Amino acid sequence: MFEQIFENVRRKSPLVHNITNYVTVNDCANMLLACGGSPIMADELEDAVEITAVCSGLNINIGTLNRRTIPVMFAAGKRANELGHAVVLDPVGAGASTLRTDTARGLLGEVKFTVIRGNISEIKTLALGSGATKGVDADAADKVTEKNLDGTAAFAKDFARRIGTVVAATGAIDIVTDGVRTFYIRNGRPEMSAVTGTGCQLSALTAAFASANPDRPLEAAAAAVCAMGLCGEIAYNRMTDLDGNSSYRNYMIDAMYRLTPAELEKGADYEVR
Amino acid sequence: MFEQIFENVRRKSPLVHNITNYVTVNDCANMLLACGGSPIMADELEDAVEITAVCSGLNINIGTLNRRTIPVMFAAGKRANELGHAVVLDPVGAGASTLRTDTARGLLGEVKFTVIRGNISEIKTLALGSGATKGVDADAADKVTEKNLDGTAAFAKDFARRIGTVVAATGAIDIVTDGVRTFYIRNGRPEMSAVTGTGCQLSALTAAFASANPDRPLEAAAAAVCAMGLCGEIAYNRMTDLDGNSSYRNYMIDAMYRLTPAELEKGADYEVR
Amino acid sequence: MFEQIFENVRRKSPLVHNITNYVTVNDCANMLLACGGSPIMADELEDAVEITAVCSGLNINIGTLNRRTIPVMFAAGKRANELGHAVVLDPVGAGASTLRTDTARGLLGEVKFTVIRGNISEIKTLALGSGATKGVDADAADKVTEKNLDGTAAFAKDFARRIGTVVAATGAIDIVTDGVRTFYIRNGRPEMSAVTGTGCQLSALTAAFASANPDRPLEAAAAAVCAMGLCGEIAYNRMTDLDGNSSYRNYMIDAMYRLTPAELEKGADYEVR
């Protein structure tokens, strides 16, 4: 199944509009190119709404949000909704500040998202209205383990059903659910968290996958999560004793560039419940 | 000829002011350092105009433009004109949105550019007032091929003569013309388009080359285009079966850092008509 | 001594708030992760003040400053002072424009910094009110050499004592002083200046080291400077005939990721007077 989904990305080369932070934006652009998509960034109101229209997907990432770009996120999100485009929300740091929490929750109220992709603390913040996010990382108390997996999945499932959106809560074990079916994904490496923006890159990737597979948002999101994790594994295997997080960053993007749909199908490590 | 032009860059180490997008800005900075230049970025009005004055060249790139930075592009451009500095325009995404098209054309009306460097769709947008740019890439219908080469070159030549500026329309075959003489350049690799910002890097590079060679803007632009394409070739030859677009990015900048003026002279693949 | 200081960084994993330029921000984030810290970026007023509070350190870097972010630097700096957090100032380009000089000096008047980290021209600009900074690099006339070392150190020492802040003036020889004791540091490689943002990365690193060692700001700053220089040496030794400044950037961050406290202790090349 993931083979076909990834083939659609490579074949359609979806143009994805990103309103995103300036920290990891270059890596998001190269990751989009690596998967076969095409990136464009625009965050000025009149520019963004028009750019949204020429794209097939929109990725809204609230890291380094500001009062100029926040209204643009709302406007572009609504425009993408009107056009029936895939829209992804990455609520970076929701729970770490009021502005981030309020913006993410405000967006949730006015824009219909195809997929929300965040760490578990960010997802809890969105679902419950408050959370304990440690900066841009999940709080230790929230972390998904084999022990709390079922409870966390039930929580995400309930949230996804309530808002009618695919929820991808990523961490040591990733949970991707539409409220009916849930993917438990075990691809990835813990070392990925030592590279800035792997979450941001995954959200951009999810937008590309969802754009190229408009009828299967759940599977598209799950495939993107598996693909990112698999590239984390492939890149890790390539590392030498001299390599650290900067080379690891490069190797992950390289791995996505080289990844074939068949390899994704074979390497994806998930179960559906 | 290109040997001397590149030697001037290495020897003078031109300080280039960049008003550019936040997606590819780091790569532009490292590419400028790699060629022997020195980068500085400033996009706040009072800061930028003063920074322009201490530099020897200005590179205006309209990607991720916004209402705060647009007036800065005009002001810095005019200041650079007063000082007789080299000024390069990269009309990223002109044709993809009204704001980008209008800004690029507005700049063209008020600032005298030394070189305009864009893909063929962006150049057509500037010349004709409207265009069909696919995001930040040239539209397929516009792409320069051996078949439409002469017609495209005639178009660029006419535009260059009309505005009195060197026009560099880059793609599979690059056309660099001042309206009198035209360089047809065949350096480069198609894989370069899988790296975000190779066009932006080339524009920054062009600003450095034009700054260090004030009397020869046509040759400086052609040399920069050849140098970038040649580095794309050198970097491509270095790639292993594990490398993808992220390593390719690094290798291109590395190649520029290592490139000698004599190697540029030897590797430049062009004809002049 | 540096072994313990670096161990504290790795053990405490300080969350560092960065208000910094968009040119080198990604490298700062990866360098913070490489040393064992955790980065967060926020530059919108209400967001930043709250983010400052959840962090243990603040790094203010004035590169690409603008009228929206300047007041945020003041507000976050004051908030960090109230909370007793480590605060680092990187006066990028002070001396190159009035806005940068005035902002850096204004910050110095209203925020109590733990460490100021800049090149010698920037430090002179702060101390004397005017300076001759060549873009973002030190002016040739200011450069620290064995010949002017004692005079420069006396100048930095006097400035540090006067403002009650650790001053780190980095260049070919680095001077780190609190006005009483002075570290003369000879780690590093001249090739580091061909990589954009090594100074910015060092300032971010210094914020992490000072945050994790609140009682020893002088030693923390000196350790950070040695660590960065040592990584520049390790990375240089790794370079092949094909590598240039882009790979060098990656290798330096990789080296920090791999560096152990014991290796820092052993490789630090300094004398204290």
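Taking every residue in the range B:10-24 that is surrounded by fewer than 24 Cβ atoms within 10 Å (Cβ to Cβ) and pairing it with any residue that is at pLDDT below 95, at least 6 positions away or on another chain, the pairs with Cβ-Cβ distances below 8 Å are B:LEU15/C:LYS134; B:LEU15/C:GLY135. Could you check the range B:240-273 and list, in sequence order, the residues that are surrounded by fewer than 18 Cβ atoms within 10 Å (Cβ to Cβ) and within 24 Å of C:THR196 (Cα to Cα)? Those that are surrounded by fewer than 18 Cβ atoms within 10 Å (Cβ to Cβ) and within 24 Å of C:THR196 (Cα to Cα): B:ARG258, B:THR260. Does B:GLU233 count as part of a helix (DSSP H, G or I), out of contact with any helix residue (DSSP H, G or I) (no Cβ under 7 Å at 6 or more places or on another chain) and open to solvent by 10 Å² or more (accessible area, probe 1.4 Å)? Yes; evaluated as a whole, the condition is true for this residue. Checking each residue in the range C:137-170 for being open to solvent by less than 50 Å² (accessible area, probe 1.4 Å) and either on the phi > 0 side of the Ramachandran plot or within 14 Å of chain B (Cβ to nearest Cβ) (or both) picks out C:ALA138, C:ASP139, C:GLY164. Against the criterion of being surrounded by fewer than 22 Cβ atoms within 10 Å (Cβ to Cβ) and either at negative phi or at pLDDT below 95 (or both), A:VAL195 does not qualify.
Within the range C:39-51, residues that are more than 7 Å from chain A (Cβ to nearest Cβ) and within 9 Å of C:ILE19 (Cα to Cα) sit with their Cβ atoms under 8 Å from residues that are open to solvent by less than 10 Å² (accessible area, probe 1.4 Å) and of a type outside the set (Asp, Glu), at 6+ positions apart or across chains, in these pairs: C:ALA48/C:HIS17; C:ALA48/C:ILE19; C:ALA48/C:ALA42; C:ALA48/C:VAL72; C:ALA48/C:ALA76.
Of everything in the range B:76-109 that is over 18 Å from the mean Cα position of the chain (by Cα) and part of a loop (DSSP other than H, G, I, E, B), the residue that is farthest from the other protein chains (Cβ to nearest Cβ) is B:GLY84.
Tell me, please, whether a residue that is touching a residue at least 60 places away in the same chain (Cβ under 8 Å) and within 13 Å of another protein chain (Cβ to nearest Cβ) can be found in the range B:226-249. Checked against the condition, which is being touching a residue at least 60 places away in the same chain (Cβ under 8 Å) and within 13 Å of another protein chain (Cβ to nearest Cβ), the range B:226-249 yields at least one hit. Does the range A:208-215 contain at least one residue that is surrounded by 22 or more Cβ atoms within 10 Å (Cβ to Cβ), within 14 Å of another protein chain (Cβ to nearest Cβ) and touching a helix residue (DSSP H, G or I) at 6+ places or on another chain (Cβ under 7 Å)? Yes, some residue in the range A:208-215 is surrounded by 22 or more Cβ atoms within 10 Å (Cβ to Cβ), within 14 Å of another protein chain (Cβ to nearest Cβ) and touching a helix residue (DSSP H, G or I) at 6+ places or on another chain (Cβ under 7 Å).
Is one or more of the residues making up the range A:56-68 in contact with a Cys (Cβ under 9 Å, 6 or more places away or on another chain) and at the interface with another protein chain (Cβ under 10 Å from one of its Cβ atoms)? Walk me through how you get there before you give the answer.
Residues of the range A:56-68 that are in contact with a Cys (Cβ under 9 Å, 6 or more places away or on another chain), as a first pass: A:59, A:61, A:63.
Now restrict to residues that are at the interface with another protein chain (Cβ under 10 Å from one of its Cβ atoms): A:63.
Looking through the range A:56-68, at least one residue is in contact with a Cys (Cβ under 9 Å, 6 or more places away or on another chain) and at the interface with another protein chain (Cβ under 10 Å from one of its Cβ atoms).
Filtering the range A:250-273 to residues that are away from chain C (no Cβ under 14 Å) and in a helix (DSSP H, G or I) leaves A:ALA255, A:MET256, A:TYR257, A:ARG258, A:PRO261, A:ALA262, A:GLU263, A:LEU264, A:GLU265, A:LYS266, A:GLY267.
Can you spot a residue in the range A:172-179 that is of a type outside the set (D, E, K, R), more than 18 Å from A:PHE113 (Cβ to Cβ) and in contact (Cβ under 8 Å) with a residue 24 or more places away in the chain?
In the first step, residues of the range A:172-179 are kept if they are of a type outside the set (D, E, K, R); the result is A:172-173, A:175-177, A:179.
The next check asks that each one be more than 18 Å from A:PHE113 (Cβ to Cβ); those that pass are A:172-173.
If we keep only those that are in contact (Cβ under 8 Å) with a residue 24 or more places away in the chain as well, we get A:172-173.
Yes, the range A:172-179 contains a residue that is of a type outside the set (D, E, K, R), more than 18 Å from A:PHE113 (Cβ to Cβ) and in contact (Cβ under 8 Å) with a residue 24 or more places away in the chain.
Can you tell me which of C:VAL25, C:VAL16 is in contact with a strand residue (DSSP E or B) (Cβ under 9 Å, 6 or more places away or on another chain) and either within 8 Å of chain A (Cβ to nearest Cβ) or at pLDDT below 95 (or both)?
Working: C:VAL16 fails: either within 8 Å of chain A (Cβ to nearest Cβ) or at pLDDT below 95 (or both).
After ruling out the rest, the residue left standing is C:VAL25.
Scanning the range B:171-185 for residues that are touching a Pro at 6+ places or on another chain (Cβ under 9 Å) and either surrounded by fewer than 19 Cβ atoms within 10 Å (Cβ to Cβ) or under 30 Å from A:MET41 (Cβ atoms) (or both) yields one hit, B:ALA172.
Candidates A:LEU99, A:LEU89: the one that is in contact with a Phe, Trp or Tyr (Cβ under 8 Å, 6 or more places away or on another chain) and either open to solvent by 10 Å² or more (accessible area, probe 1.4 Å) or hydrophobic (A, V, I, L, M, F, W, C) (or both) is A:LEU89. Of all the listed residues (C:ARG162, C:ARG117, C:ARG105, C:ARG100), the sole one being of a type in the set (D, E, K, R), in contact with a strand residue (DSSP E or B) (Cβ under 7 Å, 6 or more places away or on another chain) and free of Cβ contacts under 8 Å to residues at least 40 places away in the same chain is C:ARG100. Number of residues in the range C:39-55 that are closer than 14 Å to A:GLY95 by Cβ and open to solvent by less than 10 Å² (accessible area, probe 1.4 Å) equals 4.
The values are calculated or read from the model by the stated rules, or taken from the named source; none is laboratory data. Small disclaimer: the values here were computed from a predicted structure and weren't measured. Here Cβ is always computed from backbone atoms with ideal geometry, including for glycine, and neighbour counts include all displayed protein chains. These accessible areas exclude ligands, DNA and RNA; they are computed on the full protein's heavy atoms, side chains included. Shrake-Rupley method; radii C 1.70, N 1.55, O 1.52, S 1.80 Å.
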